[in-house]
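Undergrad: Got a structure here, written out as structure tokens. Questions coming.
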Amino acid sequence: VSLRRLRPLGSTVVEYTWRGRFASDEVEQLHAEGFGHEVDFAYDWVGQVEGYSLGWVCARQHGHLVGWVNVAWDGFTHAFVVDTVVSADCGRNGIGTALVRVAIDAAREAGCEWLHVDFQEHLKAFYFDACGFVQTNAGLISLA
Ligand SMILES: CC(C)(COP(=O)(O)OP(=O)(O)OC[C@H]1O[C@@H](n2cnc3c(N)ncnc32)[C@H](O)[C@@H]1OP(=O)(O)O)[C@@H](O)C(=O)NCCC(=O)NCCS
């Protein structure tokens, strides 16, 4: 399934593609910047999401990857938004919200009934107000 949407970002256009093509290095660069870790170009993002995820969404501006989100799942009715990231120089332009919106539509289209996410306190406005998630009980154990 390939779902494409074009949305304006200022005077330029950002293209959103469900299960769009990407190179692992592109996502690793974006992810390292967004989550503040060292880049590891050995990590096989393509193999990981093609093998295990329901899908992912690429946001590209002039061909450059400016946003990405991974949609993991249980193979049935539950999908999980993870690794949502937008490049810092494109932040607060609605790209993150649009990425999640494409993920919501694609997960629904795939037959999923629930889309889950968890996040830190400072992202409540993003996930609740902008993306439309509602608060629920959830649990977490640190395995580190
Ligand atoms: C979180 C992230 C994906 C948001 O992407 P974005 O494109 O900047 O988000 P949007 O422009 O769609 O934001 C919509 C609204 O969400 C809220 N929001 C977004 N990012 C926020 C932040 N960092 N802190 C507080 N509120 C935020 C704001 O209300 C914003 O509206 P406003 O710009 O009019 O105030 C991006 O900041 C990012 O990549 N962060 C680093 C990685 C990360 O923490 N990812 C989330 C993992 S759970």
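Undergrad: Let a ≥ b ≥ c be the square roots of the eigenvalues of the Cα gyration tensor of the stretch 90-142; is it rounded (a/c under 1.5), or, if not, prolate (a/b larger than b/c) or oblate?
TA: On the way: a/c = 2.04, a/b = 1.03, b/c = 1.99.
Here the stretch 90-142 falls in the oblate category.
Undergrad: Oh, and also: Using DSSP to define loop residues, name the trypsin sites (Lys or Arg not before Pro) in the stretch 54-113 whose beta-carbon has at most 12 other beta-carbon atoms within 10 Å. Write out the running numbers ahead of the final one.
TA: On the way: sites: Arg60, Arg92, Arg101, Arg108; in loops: Arg92.
Within the stretch 54-113, the qualifying trypsin sites (Lys or Arg not before Pro) (loop, at most 12 other Cβ atoms within 10 Å) are Arg92.
Undergrad: Considering only DSSP states other than H, G, I, E and B, which chymotrypsin sites (Phe, Trp or Tyr not before Pro) in the stretch 47-80 qualify as loop sites with at most 15 other Cβ atoms within 10 Å?
TA: Values: sites: Tyr52, Trp56, Trp68, Trp73, Phe76, Phe80; in loops: Phe76.
Listed in order of number, the matching sites are Phe76.
Undergrad: Does the chain come out rounded, prolate or oblate, given a ≥ b ≥ c as the square roots of the eigenvalues of its C-alpha gyration tensor, rounded meaning a/c under 1.5 and, failing that, prolate meaning a/b above b/c?
TA: On the way: a/c = 1.23, a/b = 1.16, b/c = 1.06.
In terms of gyration-tensor shape, rounded.
Undergrad: Rounded to the nearest 5, what is the percent of antiparallel bridges among the DSSP beta bridges in the chain?
TA: Working: 24 of 27 bridges.
Bridges in the chain are about 90 percent antiparallel.
Undergrad: Report the local net charge at Val46: Lys and Arg +1, Asp and Glu -1, summed over other residues whose C-beta lies under 13 Å from its C-beta.
TA: Details: positive: Arg19, Arg21; negative: Asp25, Glu26, Glu28, Asp44, Glu50.
Residues near Val46 contribute -3 overall.
Undergrad: Using 0.36 nm per residue of separation minus the Cα-Cα distance, give me the extension gain between Thr77 and Glu50 in nm, one decimal.
TA: Values: separation 27, 0.36 × 27 = 9.72 nm, distance 1.83 nm.
Once the chain is fully extended between Thr77 and Glu50, it gains 7.9 nm.
Undergrad: Compute the relative contact order of the chain as a whole-number percentage, counting only Cα pairs closer than 8 Å that sit 6 or more residues apart in sequence. If you can, show how the numbers build up before the last one.
TA: Values: 223 pairs, mean separation 27.5, N = 144.
Answer for the chain is 19 percent.
Undergrad: So what are the ³J(HN,Hα) numbers for the stretch 118-133, from phi and the Karplus equation (6.51, -1.76, 1.60; θ = phi - 60°), rounded to whole Hz, Gly and Pro as x?
TA: Result, rounded to whole Hz: 9, 6, 7, 3, 5, 9, 4, 5, 5, 6, 7, 6, 7, 8, x, 5.
Undergrad: How much net charge surrounds Ala72 when only other residues with a Cβ under 14 Å from its Cβ are counted (Lys, Arg +1; Asp, Glu -1)? Walk me through the numbers before you get to the answer.
TA: Values: positive: Arg19; negative: Glu50, Asp74, Asp83, Asp118.
So the surrounding residues net to -3.
Undergrad: Still on this structure, please answer the following. So which GluC sites (Glu not before Pro) in the stretch 19-99 pass both tests, a DSSP loop state and at most 10 other Cβ atoms within 10 Å of the Cβ?
TA: Glu38
Undergrad: In addition: Between Asp40 and Val134, what FRET efficiency follows from the Cβ-Cβ distance if R0 is 35 Å, with the result rounded to 0.05?
TA: Working: r = 35 Å, r/R0 = 0.99.
Efficiency, rounded to the nearest 0.05: 0.50.
Undergrad: Could you calculate the contour length gain from Ala32 to His62, that is, 0.36 nm times the residue separation minus the distance between their Cα atoms, to one decimal place in nm? Before the final figure, lay out the partial values.
TA: Numbers: separation 30, 0.36 × 30 = 10.80 nm, distance 2.14 nm.
Residue separation times 0.36 nm, minus the Cα-Cα distance, leaves 8.7 nm.
Undergrad: Tell me, how many Å apart are the Cα centres for the stretch 22-60 and for the stretch 95-115?
TA: 18 Å
Undergrad: Could I ask something else about it? Under 5 Å between amide H atoms, partner at least 5 residues away or on a different chain: which partners does Gly55 have, H built in plane at 1.01 Å?
TA: Val71
Undergrad: Under a plain spin-label model, where a point goes 7 Å from the Cα along Cα-to-Cβ, how far apart in nm are Leu143 and Lys124?
TA: It is 2.9 nm.
Every number in this text was worked out from the coordinates using simple rules, so none of it is lab data. Values in this document were obtained by computation on a predicted structure and should not be read as measured data. A quick note on method: Cβ atoms are made from the backbone with ideal geometry, for glycine too, and the neighbour counts reach across all protein chains shown.
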